[in-house]
Amino acid sequence: MKRNVQEEVAKLISEMTIEEKVAQTSQLAYTQMPKERAEEYARKGVGSFLHVLGDDAKHLQDLATSNGKKIPLIFGIDAIHGHCLKKNATVFPTQLSMACSFNTELVEQMADATAKEVAADGLHWTFSPVLCLGRDIRWGRVAETFGEDKYLAGELGSAMVRGYQGDDLSADGKILACAKHYIGYGEATGARDSYDTEVTYRKVRAEFLPPFERVVKDGCASIMTAYGAIDGIPCTANKKLMTDILKTELGFEGFVVTDWDNVRHLIRKQCVAENFEDASEIALNSGNDMMMKTEDYIEAAVRLVKEGRVDESVLDEAVRRILTAKMELGLFDNPYKRLDESVIGAAEHQQLSYELAKECVVLLKNEDVLPLKKDEKCKKIVVIGCNADSVRDMYGDWTYFTHPDPNFDAEPVRPYVTFIEGMLGLKDDFNCEIVHAKGCGILENDEAQLDEAFKLIADSDLVVYTFGDDIYQTGEAKDRADMSLTKAQGEVFDRLTKTGKPIVSVMIASKPMCVPEIVENSKAFLTAFNPGAYGGKVLAETVFGLNNPCGKLPISFPNHVGQQPCYYNYLPGWHCKKYVDMPQRPLFVFGEGLSYTKFEYSDVAFDKDSLTLSVKVKNVGERAGKEIIQVYFRDVVSSVITPVKQLIAFKKIELASGEAQEYKFTFTEKDFSLVLPDERRVMEKGELEVMVGASSDDESLIKICFVQDKTVEIK
Ligand code: BGC
């Protein structure tokens, strides 16, 4: 029989003591306390643990469901691009990498597969997707984002939430999603992780809220607050953001969880509270429902409610939201909901990781050198560079190499294919000799190793230079001031250019790097950021033409770190439009990416009444390929400054050689809207420009204008 969730939850709450209710609003970190203490908390009915795996979770659940009110625990885990804190789980491309695919279906399937692997471990909740925007590549967490654009982040985030949660949370293999970090976290001044964010609420609504709004509509079960602060108020202490906007205005029905130890941060880092009582009072009264990692919160909150500093109804509301999620997940019927362990790392998930990685490869330069052919020009290939054989740099952040505690030298678990393994796997088919010379590390050179490498190059036909970053240069609290090639890798490249050999450069890095010298001196340049377990295979297959690249950049590549922030939807008004010592165009722009075939856009029309755009796309090249059609708009004259262009739709298509098709995109008034200083959203009257094409670059867009004759308020 179907449960009456709200009735049952209300009844349960009416029977709970203040201590039991406060315990439910607390999430504790399993790896940060002795096992006995965790067991004690489970018996006392704490709401959740994070970072517990498999049988340990089962043991804690046994304790929780056989003591006190017998309320099941929910276990949270950072399954960010697969359940990869677990060693044998499937490792998918990182968020930034999968964003290159612009493929909502594959992203949804990856989240569905991840949910199953998480569920097979007896866990119920992933702290994903990340909806922060990566608009300054110095920020350590850019690789966790879907890139710089709010629309793309919203579409891919929504796909992920659907994949994790499905239509029915109580179904087997479905878990809670958690959209994070709410809000403006990627915009911190100077790209300094967790630092203050200097933005207005108008900007919050215009730029950072839309992806969250999107997933709230999809029923995303939880939202995590950001570490940072908006206009001096830490996000965890921000009633306007959490209660007024998120819960009241957007109608968010799930629960809000703080980020790691955020309640303590109010005291120790942000200095807006003197002690745990004050911090807990602020946290509860501003709208957090569950406090992550702050053990001291528990006693403080009990005292606060008993003393009346926090009204019991505030606590009840937090508990209601948490228990509702637990009940909707089906934990009151089956607290384990554990799928068979064979699901973890299953063959079909590995296949999916491979399929997704194929779509994440972005080819950014190609002077008639790729794909490599079986011919005399390609008899001996030297692959040089340290990331060519590095599993952990294929994987990137948030795997067992990095969390819950860093273990950079952990023994990697198969299956995976590094780039050099992928290349060697194809040498017989292409009848060539392939040798690998590491040449250098990310940070240091070994002269003897280098001399050895250059001896190999002397009689080679082509060099594949693999460069990038390492996992100690990316992630939380790993912001960088210098985004150029490290000295060691730069020296190798300089020496390479002097050999006169044709160079194909393959970047295996967490995020864009400022490498104009590499682009200029290479015949071809490609990347897939951190492409996961099969990244090496798909990059090699792309080099040899077995995979036709179809990824596009979700983020711009600046020429120089001094150009930060650098994103396609910048605001007009900069006097010189460029730094005098830099080209105006970034090295690569948002939406850019080549294929081994060519697409032609034509027959663009826009129907003003139905707000429908149509466009014809033809594959005019010699092989089948996938293309990402992008639609942007600009409000030509607006009452507030609006971006020079803004993505409002995209579509991934596939066309055979010679095939042409017409595609239609229908919009709503909201798609053409802006946010006024009083925080209302409107579509303003006047001229609007719609642009369609293959990238955000003006040269690849066909433009069409229409006039909107009245201003419309958007609800
Ligand atoms: C990060 C979150 C993460 C949490 C739990 C925090 O430091 O900011 O993204 O989900 O830790 O691991």
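Lys174 sits among other residues whose Cβ lies under 11 Å from its own Cβ, and their net charge, with Lys and Arg +1 and Asp and Glu -1, is -2. Between amide H atoms placed 1.01 Å from N, distances below 5 Å from Ser484 occur with Cys514, all of them 5 or more places distant or on a separate chain. Amide H contacts under 5 Å for Leu462: Lys380, Val382, restricted to partners 5 or more places along the chain or on a different chain, H placed in the peptide plane at 1.01 Å from N.
In the full protein context, the chain carries 37 Å² of accessible surface per residue, based on a 1.4 Å probe and ignoring ligands, DNA and RNA. Surface composition of the chain: carbon plus sulfur atoms contribute 48% of the solvent-accessible area (1.4 Å probe, protein chains only, all chains present). Rounded to the nearest 0.05, what FRET efficiency do Arg37 and Leu546 give with R0 = 56 Å and r taken as the Cβ-Cβ distance? Could you check? With R0 = 56 Å, the Cβ-Cβ based efficiency is 0.55. Seen against the Cα atoms of the chain and their longest principal axis, helix 447-458 is set at about 50 degrees. Working from label points 7 Å from Cα in the Cα-to-Cβ sense, the Asp446 to Asp368 distance is 4.0 nm. Here the spin labels are modelled as points 7 Å beyond Cα on the Cα-Cβ line, and at Glu687 and Asp375 they lie 4.9 nm apart. Note on Ala624 and Lys598: the model spin-label points, each 7 Å out from Cα along the C-beta direction, lie 2.2 nm apart. The residue list Leu496, Val543, Gln584 was ranked by how far each Cα lies along the charge dipole of segment 492-606 toward its positive end, using unit charges on Cβ atoms, and Leu496 comes out on top. For the chain, the mean residue ellipticity at 222 nm estimated from helices alone is -8000 deg cm²/dmol, where every DSSP H run of n ≥ 4 contributes -39500 (n - 2.57) and the total is divided by all residues, rounded to the nearest 500.
For Ala99, what is the net charge nearby, where nearby means another residue's Cβ is under 13 Å from its Cβ and Lys, Arg count +1, Asp, Glu -1?
-1
Computed from point charges on the beta carbon alone (+1 for Lys and Arg, -1 for Asp and Glu), the dipole magnitude for the chain about its Cα centre is near 680 Debye.
List residues of segment 446-483, by number, whose backbone nitrogen lies under 18 Å from a label position 7 Å along Cα→C-beta of Thr497. Residues 463-468, 483 qualify, since their backbone N sits under 18 Å from the label point. Axis of helix 296-307 versus longest Cα principal axis of the chain: the two differ by about 40°, to the nearest ten degrees. If you place +1 on the Cβ of every Lys and Arg, -1 on the Cβ of every Asp and Glu, and leave all else neutral, what size is the dipole of segment 1-141 about its Cα centre, to the nearest 20 Debye? That gives a dipole near 160 debye.
Dipole of the chain (Lys/Arg Cβ +1, Asp/Glu Cβ -1, origin at the Cα centre): which of Asn288, Pro677, Gly140 lies farthest to the positive side? The Cα lying farthest towards the positive end belongs to Pro677.
How fast does segment 134-198 diffuse by Stokes-Einstein, in µm²/s, taking the Kirkwood radius from C-alpha pairs at 10 °C and 1.306 mPa s? Don't jump to the answer; show the numbers that get you there.
Values: Rh = 13.2 Å.
It comes out at roughly 120 µm²/s.
This model, with +1 at the C-beta of Lys and Arg and -1 at the C-beta of Asp and Glu, gives segment 364-546 a dipole about its Cα centre of some 520 debye. With a cut-off of 12 Å between beta carbons, the residues surrounding Asp311 carry a summed charge of -3, where Lys and Arg count +1 and Asp and Glu -1. For the residue pairs Lys652/Lys703; Lys552/Lys685; Lys598/Lys703; Lys365/Lys438, the C-alpha atoms sit more than 30 angstrom apart in Lys552/Lys685. Across all directions, the average projected area of the convex hull around the alpha carbons of the chain is 31.5 nm². Distances between every pair of Cα atoms in segment 599-714, grouped in 5 Å steps from 0 to the bin holding the largest one, split as 2, 11, 22, 22, 16, 11, 7, 5, 3, 1, 0 percent. Beyond a 22 Å Cα-Cα separation, which of these cross-linked pairs lie in this structure: Lys44/Lys293; Lys69/Lys326; Lys87/Lys511; Lys618/Lys651; Lys150/Lys715? Checking Cα-Cα distances, Lys87/Lys511 exceed 22 Å. Between 0 and 90 degrees, rounded to the nearest ten: what's the tilt of helix 54-64 against the longest Cα principal axis of the chain? The two axes meet at around 10 degrees. Restriction of the GluC sites (Glu not before Pro) in segment 401-498 to DSSP coil positions whose beta-carbon has at most 12 other beta-carbons within 10 angstrom yields Glu444.
The values are calculated or read from the model by the stated rules, or taken from the named source; none is laboratory data. Treat the numbers as computed from the prediction; the structure is a model and nothing was measured. Positions of Cβ are generated from backbone atoms using ideal geometry, with glycine treated the same way; all protein chains shown enter the neighbour counts. Remember, those area values only see protein heavy atoms, side chains included, never the ligands or the DNA or RNA. Shrake-Rupley method; radii C 1.70, N 1.55, O 1.52, S 1.80 Å.
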